[in-house]
Each structure stands twice: as C-alpha cells, then as structure tokens.
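The values are calculated or read from the model by the stated rules, or taken from the named source; none is laboratory data. Predicted, not measured: the structure shown is a model, and the values here were computed from it. Every residue, glycine among them, receives a Cβ derived from its backbone with ideal geometry; neighbour counts consider all protein chains shown. Surface areas here come from the heavy atoms of the whole protein model, side chains and all, with no ligands, DNA or RNA. Shrake-Rupley method; radii C 1.70, N 1.55, O 1.52, S 1.80 Å.
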Amino acid sequence: MAWSSRRRLFAMLLVGAAVATLPMQPAHGQTYPSKPIRFVVPFTPGGSNDVLARLIGQKLSDSLKQAVVVQNRPGAGGNIGAELVAKSAPDGYTFLIAANNIMAINPTLYKSLPFDPLNDFAPVTMLGTVPILLVVNSDLPARSVKDLIELARASPSGLTYASGGSGTPQHLSAELLKSMTGIKLTHVPYKGNAPAVTDLLAGQVQMLLSPINSVLPHVKSGKLRALAVGGTERLPYLPDVPTIAEAAVPGYNSDVWVALVAPAGTPKDVIERVNREIAVILQQADVRDALVAQGIEPMSMAPDRLAALIRSDLARWGRVVKDSGAQAE
C-alpha cells in the first residue's frame, strides 16, 4: 500500500474512533411523544382531580400533537390508581394526577401501601390548589374564627364538625385547628363531602372545613357563613374573608393541592418538557378562567420544589394523622 493510501486509511480510522466516542443523543428526547399519553385519575369523574386532568390533558394534547387519554381508576382513597402508575413503565407515557391526600396523608393513614410516595414517583409539576373554607351553619352565633373558638370553649361538649370521612382533608383540617387552639370538637364523618354539606345546611352539624367548590354556592346564597380560608392567602373572589392564620390561629395552613407525578425513573428530559408545557398552559386565560370557575387555583411548580413540598407535607400531615388517631375506613 502506498504511503498516501496508508495516511488516508489512518485518518479515516481516527475520525471513526472520534465519532464512536461522542455522547449519543437520547432517541427518547428526539421522538417524544410518539404514542398516546395516559393521565390516571385515582378518583371518580367529576371532581377537581378529574377536571384538571381533562382540561390540561386536552391542552397538552394540542401542544404535543399527541393524544392524552384520561383514565379514572378510583378506590381505596386513591391508592389503586397510584399503585397502577407506580408500577407502570417509566417511559413518559403514564402520569398520575396526584392529590395531596395520596402523597402526604395516606402513607400514615393506611397501615401499609403498595407504593412509596417519595421513592416510587418522579415529581413533574403542581397543577393547582383547591382552597379549604371554614364554614358554619348560618344559625350558629359565630361571625369570626375568634367567635367560633370562644363558642367551642364555652360549650361543655364543644362543637360538632362534619367531614367526608376519616382521614380526608376536611377531617384533618379540623383536627389541625383543634390541636392548634385546644378547643373541643366532635367529629361526625360522612361517606363523602356532599352529605356532609347537606347536614350542615340542615343544622345537624355546626361547622365544616371544606374544599371551596362544594360550599361556595351556599355561601353566596347566604345559607352558610364563611369564617375563614384555610390557606396562607385571601381569595380574590372572597376578599373580606380572612385566613385562619390572620384571624386567630397564627401558622395555620391547610388546602388541597393536586400535582402531576410520573413513575420513578422517567427520563429527566421528558419531565422537564412536560413541566414546561404545563406551565405555559396554566398561564392561558381560558384555562385559568375555567379552573377558577371550578374553585381551583392554577399553579405550576418546578419538580424539585414539588419534591420538597411532598416531603414536608408528608411529615406535617403524618403528625396530624397520628395525633388525631385517624384510620382508613
């Protein structure tokens, strides 16, 4: 072989070796999504989780040019749907619409779970919050949180409060108020929030800490009286209703949040892309208006911030569950 030919061959071998050592670009990121995406809602259709899934799913389908299918898998306080996602392939095609009761309450409420909220899921983004509203029957002589606390302290048996069942946000929100004030409250659990609201309207129970979408129409009609908001900020559509913290109980904070999580091990580039897409969607005026009309406050969040929130709420609500003695029904 001539010297010039050997030089050309040697150069070609060097180029080939250099190309072989270049980092490979992930094919997943280049082609995603290449098939329909599944949003698993671990509750029945019609609730806040379902509303968020369907509205955001449709918008995400438009932006990604791929179908987003919503699948309802209710049961066991959301645990059945959560287990399904935890055990799904971490390929970016299955996501869980995860309310805070699944991620932060159920791990203490249930004796055993088929998933670990910290290790079996990859946080993607927050979707929204549903404010908790402290309401009383309009016949109860309490027009503020301070009035309510004084009334409870003056009553030998305290006050009765309704909830949608043991371990629900309504139940634990009241138990948090009870522990932070030392007042007497008697829990009256129902099978769901709707019958709890019905009996509150009838005067069978005296108070309820409820997701706002269930009680706001009755507050506007004057059948129920709103004393305070459970979260850290007043609501723009109820500007005269203070937070529980500013009204009488500093440090009180309770609301319902709904997030999007994926199976642990889902590619980081997929999580980041879905996070970005949803952040844009939640800023769209029609989306915000539709969610607010359902009592949902739109909110996006970086994956690391959501992970920190899950850890802190898991510890915080775990203490409330243990102190209250709540058990899964």
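Summary of values
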{"read-out": "Amide hydrogen neighbours beyond the local backbone of residue 299, cut-off 5 Å, H modeled", "value": "128, 129"}
{"read-out": "Inter-label distance, nm, simple model (7 Å from Cα along the C-beta direction), residue 204/residue 110", "value": "2.9"}
{"read-out": "Around residue 97: net Lys/Arg minus Asp/Glu count, Cβ-Cβ under 15 Å", "value": "+2"}
{"read-out": "Residue 228 long-range amide H proximity, modeled H, under 5 Å", "value": "134"}
{"read-out": "Theoretical gain in end-to-end length, residue 233 to residue 272 [0.36 nm per residue, Cα-Cα removed]", "value": "11.2 nm"}
{"read-out": "Extended-chain gain in nm, criterion 0.36 nm per residue less alpha-carbon gap, residue 157 and residue 307", "value": "49.9 nm"}
{"read-out": "Net charge of neighbours whose Cβ lies under 13 Å from the Cβ of residue 137, counting Lys and Arg as +1 and Asp and Glu as -1", "value": "+1"}
{"read-out": "Cβ charges +1 (Lys, Arg) and -1 (Asp, Glu), total dipole of the chain, debye", "value": "860"}
{"read-out": "Options 148, 258, 189, ranked by Cα towards positive dipole end of the chain, top entry (Cβ charges)", "value": "258"}
{"read-out": "Mean Cβ count within 10 Å, highest first, over the residues of peptides 90-98, 56-64, 225-233", "value": "90-98, 225-233, 56-64"}
{"read-out": "MRE, 222 nm, helices only [DSSP H, n ≥ 4, -39500 (n - 2.57), over the chain, to nearest 500]", "value": "-13500 deg cm²/dmol"}
{"read-out": "Surrounding net charge for residue 275, when Lys and Arg each add one and Asp and Glu each subtract one, Cβ distance under 11 Å", "value": "0"}
{"read-out": "On Cα atoms only, tilt of 212-221 relative to the major axis of the chain in degrees", "value": "40"}
{"read-out": "Residue-by-residue Karplus 3J(HN,Hα) for the stretch 33-49, coefficients 6.51, -1.76, 1.60, Hz, glycine and proline x", "value": "x, 10, 7, x, 9, 10, 9, 8, 9, x, 9, 5, x, x, x, 4, 4"}
{"read-out": "Potential extension, residue 69-residue 284 segment - 0.36 nm per residue separation minus Cα distance", "value": "75.3 nm"}
{"read-out": "Listed candidates [x] 66, 44, 44; [y] 107, 41, 33; [z] 59, 56, 41 - label of the one calculated as Cα extents along the principal axes in Å", "value": "[y]"}
{"read-out": "Magnitude of the charge dipole, the stretch 102-152, Cβ model with Lys/Arg +1 and Asp/Glu -1, debye to 20", "value": "20"}
{"read-out": "Carbon and sulfur %, accessible surface of the chain computed with the full protein complex present, 1.4 Å", "value": "55"}
{"read-out": "Rough spin-label spacing in nm, given labels placed 7 Å along Cα→Cβ, for residue 139 and residue 220", "value": "2.6"}
{"read-out": "For the chain, accessible area per residue (1.4 Å probe, heavy atoms of protein chains only), Å²", "value": "47"}
{"read-out": "Cβ-Cβ FRET estimate between residue 54 and residue 146, R0 fixed at 51 Å, reported to 0.05", "value": "0.80"}
